[in-house]
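Coordinate-derived values only; no laboratory data. Note that the structure is a prediction, hence the values are computed from the model and not measured. Positions of Cβ are backbone-derived with ideal geometry, glycine not excepted, and every protein chain shown enters the neighbour counts.
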Amino acid sequence: MLGLKLPTDPRWVNMAEMDLAEILTDHAYCEQKAATSCISLIQGYPDKIVMVKELAPIVTEEWGHFRLVLLELERRGLKLGYQRKDGYVNELLKFEKKGGTREDRLLERLLICALIEARSCERFRLLSLNLQEEDLKEFYHKFMVSEAGHYRLFLDLAKTYFSEERVKSRWQEYLEREAEIIATLELRGDRMH
């Protein structure tokens, strides 16, 4: 469904489960960055009425997710740690076409957001299926469903403003590059990506 070319190494779940404070901290910051990305798109493209209308509730939802992860940390007696560099996202951003028109930059941003949501969905699915703790499995199942919707929304928005052929072509390029990134990044259980 997600079109990802390389699945996450199944050992990642076991690594993540070993230090829940770290994975929950990283997850919290991912939700915060997702809300910020939507705000940035709205600020940069207020003329894209459909996009603004669709992303406004996502800002609220992502910030709500941030708060849910904070509550989960608190419930476990854990503290939110410091935000860390996201090597995965930084590598994706290096693949973004620089320059071009304002419209060209919009397509790149929408596709990057879609890809991050797709990978998050895939990882949340792994957690929802493979964690030992039932409450945490259910917790991550809800996030998986949400991220799947966000992934589709970003792709649909790209198709709203650009030809399907252009979106499909560039999306395939991103999928290929993302697989290369996943293959070369160190497998770490303290990172969502």
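Helix-only mean residue ellipticity at 222 nm, the chain, DSSP H runs n ≥ 4 weighted -39,500 (n - 2.57), per residue, nearest 500. What is it?
-26500 deg cm²/dmol
For residue 84, what charge total do you get from the other residues with a beta carbon under 14 Å from its beta carbon, if Lys and Arg give +1 and Asp and Glu give -1?
-2
With a 10 Å Cβ neighbour count serving as the proxy for reagent exposure, in which order, fewest first, do 111, 187 appear?
Details: 111 24, 187 11.
Ranking 111, 187 by Cβ neighbours within 10 Å, fewest first, gives 187, 111.
Using the Cα centre of segment 18-184 as origin and beta-carbon charges of +1 (Lys, Arg) and -1 (Asp, Glu), tell me which of 82, 55, 129 is placed farthest towards the positive end of the dipole.
55
Residues of segment 149-181 with backbone nitrogen within less than 15 Å of a virtual label 7 Å along the Cα-to-Cβ line of residue 103, please, listed as ranges.
158-167
Order of 174, 161, 82 from fewest to most other C-beta atoms within 10 Å?
Details: 174 19, 161 16, 82 6.
Taking fewest neighbouring Cβ atoms as first place, the list is 82, 161, 174.
Could you check the spin-label model distance between residue 43 and residue 145? Points 7 Å from the Cα along Cα→Cβ, value in nm.
Those two pseudo-labels are separated by 3.3 nm.
Apply 1/(1 + (r/R0)^6) to the Cβ-Cβ distance of residue 5 and residue 164, taking R0 = 25 Å, and write down the FRET efficiency to the nearest 0.05.
Using R0 = 25 Å, I get an efficiency of 0.80.
For segment 18-184, what D do you get in µm² per second when you plug the Kirkwood radius from alpha-carbon pairs into Stokes-Einstein at 37 °C and 0.692 mPa s?
On the way: Rh = 16.7 Å.
Rounded to a whole number, D works out at 196 µm²/s.
Report, in debye and to the nearest 20, how large the dipole of the chain comes out about its Cα centre when Lys and Arg carry +1 and Asp and Glu carry -1 on their Cβ.
Rounded to the nearest 20 debye, it is 460 debye.
Could you work out how much longer the chain between residue 138 and residue 67 gets when fully extended? Use 0.36 nm per residue separation minus the Cα distance between them, nm to one decimal. Write down the numbers at each step before the final one.
Numbers: separation 71, 0.36 × 71 = 25.56 nm, distance 1.67 nm.
Full extension of this stretch gives 23.9 nm more.
For the chain, modelled as a Gaussian network with Cα springs under 10 Å, which listed residue fluctuates most, 74, 91, 178?
74
Over 31 Å between Cα atoms: which of 79/168; 85/142; 5/33; 53/168; 79/159; 48/168 fall into that group?
Beyond 31 Å: 79/168; 79/159.
When the Kirkwood radius is taken over all Cα pairs of segment 95-187, what Stokes-Einstein diffusion coefficient follows at 4 °C and 1.567 mPa s, in µm²/s?
The diffusion coefficient I find is 90 µm²/s.
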